[in-house]
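Structure first, then comments.
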Amino acid sequence: MSQFPTIYSITESEIDLNDLLTKITLTSTGAAAIFTGMVRGITSRGDAHETEYLEYESYVPMAEAKMKQVADEIREKWPVVEGIAIVQRVGKLYPKTPTVLIACTAAHRDTGVFDAARYGIDRLKEIVPVWKKEVGPNGEEWIEGDYIPKPGE
Amino acid sequence: MNRIKLLFFAAIRDRAGAKSIEMDIPSDMTILQLKEKLGADYPNLKESMKSVLVAVNREYAFDEAVVPSNAEIALFPPVSGGQ
């Protein structure tokens, strides 16, 4: 269904939800599931700590190619999904600032569109080359994931 | 010999002290051998080579693969998690 809009980008600019939503809303669209992640200033779960800011970086050309792959996987699993937007902001980002957004639209909300957005953010965190360095009162530390991509991913 | 360009990201770049380097490698060198060479040439990277991810021309690549000529090789830690 290549006529459906797919947006994927790494950006240093503010993520504009309204603009993205407009771009992935068709006349046949009746539902959008949106996930956005933001910088958390105070973490209480697990290793409780405070965060001054996060510094995000990316291997941009590969990251955008892998975002497109995530979108392709979503379309394969949920053919009902109409528009897809996947945006990762990079740079120095302070608490409360949105850092990532994934939105999927569909005709109705009972089509799997929530699951599609959930899959998108989970997959992004597995295969899209983006890293963050956390800076807080006790110094700085790179946050690393633990997922090892398999051949073909 | 093959000329390759290596890109380093995140913690790997900090430890290497460079964003990118170019090097000549034997034309039959595998990804695993390349990681071993980097660990030997850059002692700061030795520990990182155990968990490093490698991309060849922007696709994930694995130990047994031979490094192609004129390739853009990227080395980086597992991508950022977080729940």
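Specify the residue that is surrounded by the fewest Cβ atoms within 10 Å (Cβ to Cβ); the eligible residues are those in region B:1-19 that are hydrophobic (A, V, I, L, M, F, W, C) and more than 14 Å from chain A (Cβ to nearest Cβ).
We begin by selecting, within region B:1-19, every residue hydrophobic (A, V, I, L, M, F, W, C); these are B:1, B:4, B:6-12, B:16, B:18.
Narrowing further to those that are more than 14 Å from chain A (Cβ to nearest Cβ): B:1, B:4, B:18.
Details: B:M1: 10, B:I4: 20, B:A18: 12.
Among those residues, the one meeting the criterion is B:M1.
Among residues belonging to region A:111-153 that are hydroxyl-bearing (S, T, Y) and more than 7 Å from chain B (Cβ to nearest Cβ), point out the one that is surrounded by the fewest Cβ atoms within 10 Å (Cβ to Cβ). Can you show your working first?
Pass one, region A:111-153, residues hydroxyl-bearing (S, T, Y): A:111, A:119, A:147.
In the following step, the residues that additionally are more than 7 Å from chain B (Cβ to nearest Cβ) were identified as A:111, A:119.
Working: A:T111: 20, A:Y119: 18.
Here the answer is A:Y119.
Only residues that are facing chain A (nearest Cβ under 8 Å) and either under 30 Å from A:R40 (Cα atoms) or not in a loop (DSSP other than H, G, I, E, B) (or both): list them for region B:60-82, please. Give the steps one after another, and end with the answer.
We begin by selecting, within region B:60-82, every residue facing chain A (nearest Cβ under 8 Å); these are B:60, B:62, B:74, B:76-82.
Passing the criteria: B:Y60, B:A74, B:F76, B:P77, B:P78, B:V79, B:S80, B:G81, B:G82.
If you check B:S20, B:S48, B:S80, B:S27, which single one turns out to be touching an Asp or Glu at 6+ places or on another chain (Cβ under 8 Å), polar (S, T, N, Q) and free of Cβ contacts under 8 Å to residues at least 60 places away in the same chain?
Numbers: B:S20 fails: touching an Asp or Glu at 6+ places or on another chain (Cβ under 8 Å); B:S48 fails: touching an Asp or Glu at 6+ places or on another chain (Cβ under 8 Å); B:S27 fails: touching an Asp or Glu at 6+ places or on another chain (Cβ under 8 Å).
Just one listed residue meets the conditions, B:S80.
Among the residues of region B:34-44, is any under 30 Å from A:R45 (Cβ atoms) and either part of a loop (DSSP other than H, G, I, E, B) or without any contact (Cβ under 8 Å) to a residue 40 or more places away in the chain (or both)?
No - not one qualifying residue is present in region B:34-44.
Name the single residue, out of those in region B:20-49 being farther than 19 Å from B:N70 by Cβ and more than 11 Å from the chain's Cα centre (by Cα), that is surrounded by the most Cβ atoms within 10 Å (Cβ to Cβ). Full working, then the answer.
So in region B:20-49, the residues farther than 19 Å from B:N70 by Cβ come out as B:32, B:35-36, B:39-49.
Okay, now just the ones that are also more than 11 Å from the chain's Cα centre (by Cα), so B:40-44, B:46-47.
Numbers: B:A40: 11, B:D41: 12, B:Y42: 18, B:P43: 9, B:N44: 12, B:K46: 15, B:E47: 11.
If we take residues in region B:20-49 being farther than 19 Å from B:N70 by Cβ and more than 11 Å from the chain's Cα centre (by Cα), then B:Y42 is surrounded by the most Cβ atoms within 10 Å (Cβ to Cβ).
Does region A:14-27 contain at least one residue that is within 13 Å of chain B (Cβ to nearest Cβ), β-branched (V, I, T) and in contact (Cβ under 8 Å) with a residue 40 or more places away in the chain? Give the steps one after another, and end with the answer.
Step one: filter region A:14-27 for residues within 13 Å of chain B (Cβ to nearest Cβ), giving none.
No - not one qualifying residue is present in region A:14-27.
Conditions tested, residue by residue: (1) part of a strand (DSSP E or B); (2) over 15 Å from the mean Cα position of the chain (by Cα); (3) modelled with pLDDT of 95 or more.
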{"residue": "A:R45", "(1), (2), (3)": "no, yes, no"}
{"residue": "A:Y56", "(1), (2), (3)": "yes, no, yes"}
{"residue": "A:R75", "(1), (2), (3)": "no, yes, yes"}
{"residue": "A:A85", "(1), (2), (3)": "yes, no, yes"}
{"residue": "A:I102", "(1), (2), (3)": "yes, no, yes"}
{"residue": "A:F114", "(1), (2), (3)": "no, no, yes"}
{"residue": "A:R118", "(1), (2), (3)": "no, no, yes"}
{"residue": "A:I121", "(1), (2), (3)": "no, no, yes"}
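The values are calculated or read from the model by the stated rules, or taken from the named source; none is laboratory data. All of these numbers come straight from a predicted model, not from anything done at the bench. We place every Cβ from the backbone using ideal geometry, glycine too, and count neighbours over all the protein chains shown.
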